[in-house]
1. What pairs come up if the first residue lies in the stretch 87-115 and is touching a residue at least 40 places away in the same chain (Cβ under 8 Å), the second is of a type in the set (Phe, Trp, Tyr) and surrounded by fewer than 16 Cβ atoms within 10 Å (Cβ to Cβ), and their beta carbons are under 7 Å apart, counting only those six or more places apart or on different chains?
2. What are the residues in the stretch 1-16 that are within 17 Å of LYS127 (Cα to Cα) and touching a residue at least 60 places away in the same chain (Cβ under 8 Å), if any?
3. Applying the selection to the stretch 116-139, what residues are free of Cβ contacts under 8 Å to residues at least 60 places away in the same chain and surrounded by fewer than 18 Cβ atoms within 10 Å (Cβ to Cβ)?
4. Going through the stretch 1-15 one residue at a time, which ones are touching a Leu at 6+ places or on another chain (Cβ under 8 Å) and either within 15 Å of ASN128 (Cβ to Cβ) or of a type outside the set (Val, Ile, Thr) (or both)?
5. Looking only at the stretch 179-198, how many residues end up being part of a loop (DSSP other than H, G, I, E, B) and of a type outside the set (A, V, I, L, M)?
6. Taking GLY175 and the conditions (1) at negative phi; (2) crowded, with 24+ Cβ neighbours inside 10 Å, which numbered condition does it fall short on, given that it satisfies the others?
7. Give the residue that is nearest to ASP5 (Cα to Cα), with candidates limited to residues of the stretch 15-44 that are of a type in the set (Lys, Arg) and exposed (fewer than 14 other Cβ atoms within 10 Å of the Cβ).
Amino acid sequence: EFSLDTLPPFPYSEEDLQLAKQNGEMVVLRAGAFRFDGQNNPITIINFRDFFRVDPVGKLPTVFYSFRKDANDWYATQNFATQPGEIQLGWSIVKKELLPGSTNKKWQQQEDVLQAYGKELAQKRAKNTQVRRRTATEAVWDSLLYYTTNQEQLLPSVVDWTSSSASDGYLVGVGYFVSNGLLVVRWDSDEAGPRIGV
């Protein structure tokens, strides 16, 4: 059971929701913990992915690429994947695709694209114009729950470059969600690529 006992106030107005719909975005409710055997546990990528050892939809041989026999499960001991705090109970509006203009840019340049998007929302009279990167755990949560609900894989050919960091200083990306399963990768902040955005 996911711990959803005390939901925070809904932070979005009717205008925000209409804009989100026009922009191809979705409203998500994230949990920060789950109950198992009577105990509360924080949600991490590692314990969350254990819920998906078998595809609940029945479409994919594996939902996580790291479950493939030939996969390098590089993040199994990484703090961003094993420690609590990367996801909190709360509501969020999330794009289903990468933000236009965010690919082929270094990480800091993508931050400028995010700020510009927040200003664009303000110009369109949105009430809540806070725009930020997701953490890797948030991106995994959003992708897998959308898949189980809608039987559609988001980010099939691109990677969402998140705010989470690996121990080597590289920044973590989540995506390439195709038949091989959802991929978790790391990327140097000084590099750019046509398939990595925010």
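What follows draws every value from the coordinates through simple rules; no lab data is involved. This is a predicted model, so every value here is computed, not measured. Cβ placement follows ideal geometry from the backbone for every residue including glycine, while neighbour counts extend to all protein chains displayed.
1. TRP91/PHE10
2. Listed by number, the residues that qualify are PHE10, PRO11, TYR12, SER13, GLU15, ASP16.
3. Within the stretch 116-139, ALA116, GLY118, LYS119, GLU120, ALA122, GLN123, THR129, GLN130, ARG132 qualify.
4. SER3, LEU4, LEU7, PRO8
5. Total meeting the criteria: 9.
6. (1)
7. Among those residues, the one meeting the criterion is ARG35.
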